[in-house]
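Report on one structure; see the data block that follows.
Coordinate-derived values only; no laboratory data. The model shown is predicted, which means the values in this text are computed figures rather than measured ones. No Cβ is skipped: glycine too gets one built from the backbone with ideal geometry, and neighbour counts run over all protein chains shown.
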Amino acid sequence: MKTLKYGEKAIAEAKLEAWPNPYPDRNYTIEITFPEFTCLCPRSGYPDFATIRIKYIPDKFIVELKSLKLYLNKYRKQYISHEEATNKIYSDLYEILNPRFLEVIGDFNPRGNVKTIVKVTSLKETSQ
């Protein structure tokens, strides 16, 4: 049986972690780029490569960056479509952060001469 290396173990156990927003009274934008996203095509098993771009306006919470990095690396062994991966990342972030605004873009590298960009966006309704 193969022993997992410490990085593989950290990725396997990864969970998104929310931290308190240090400035919940302000509207400010956080932009995160993850240029080395990988997953596997559910039909062929070929690897897919993408840049994941996350943009959000936090409310009460922000995402802890190391937890996000490890969470995104969990996808590298998953058979998942571009659309499903982008929407799942969006849903998981929205669930733990409940931000004022969230946008997740999966900018997938061309494969078979086809380039795909998947964009999921929302704006939280605020009462005035």
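Stick to Cα atoms and the Kirkwood definition of Rh, then tell me Rg/Rh for segment 1-56. Let's see the in-between values first.
Values: Rg = 16.6 Å, Rh = 15.0 Å.
Over the Cα atoms of segment 1-56, Rg/Rh equals 1.11.
Among residues other than ARG53 whose Cβ falls under 10 Å from its Cβ, what is the net charge (Lys/Arg +1, Asp/Glu -1)?
Working: positive: LYS55, LYS119; negative: GLU31, GLU103, ASP107.
It works out to a net charge of -1.
With the charge dipole of the chain set up from +1 on Lys and Arg Cβ and -1 on Asp and Glu Cβ about the Cα centre, the Cα lying farthest toward the positive end among the listed residues PRO20, CYS41, HIS82 is that of CYS41. Convex hull volume of the C-alpha atoms in the chain, normalised per residue: 112 Å³.
Partner aspartates and glutamates whose Cα lies under 12 Å from the Cα of LYS119, excluding those fewer than 8 positions away in the same chain, are identified as GLU83, GLU84, GLU103, ASP107.
Just need the relative contact order of segment 19-123 here, percent rounded to a whole number, with Cα pairs under 8 Å and 6+ apart.
Working: 198 pairs, mean separation 30.8, N = 105.
Computed over segment 19-123, the figure is 29 percent.
Only Cα sites of segment 79-128 enter the Debye sum here, all with the same form factor; the resulting log10 I(q)/I(0) across q = 0.14, 0.19, 0.28 1/Å is -0.42, -0.66, -1.05, listed in q order.
Relative to the compact globular guide of 2.2 N^0.38 Å, what is the alpha carbon radius of gyration of segment 41-88, as a ratio?
Numbers: Rg = 12.8 Å, N = 48, 2.2 N^0.38 = 9.6 Å.
After normalising by residue count via 2.2 N^0.38 Å, the value is 1.34.
Spatial offset of segment 68-128 relative to segment 33-63 amounts to 6 Å, using the alpha carbon center of each. Straight-distance candidates among the lysines for linking to LYS77, with alpha-carbon spacing under 17 Å and chain neighbours fewer than 8 residues away dropped: LYS2, LYS5, LYS9, LYS15, LYS69, LYS88.
Net length available on complete extension from LYS5 to LEU123 is 38.5 nm, with 0.36 nm assigned per residue and the Cα-Cα distance removed.
With +1 on each Lys and Arg Cβ and -1 on each Asp and Glu Cβ, and nothing else charged, work out how big the dipole of segment 20-128 is about its Cα centre, in Debye to the nearest 20.
Numbers: 16 positive and 13 negative charges, 58 e Å.
Value, rounded to 20: 280 debye.
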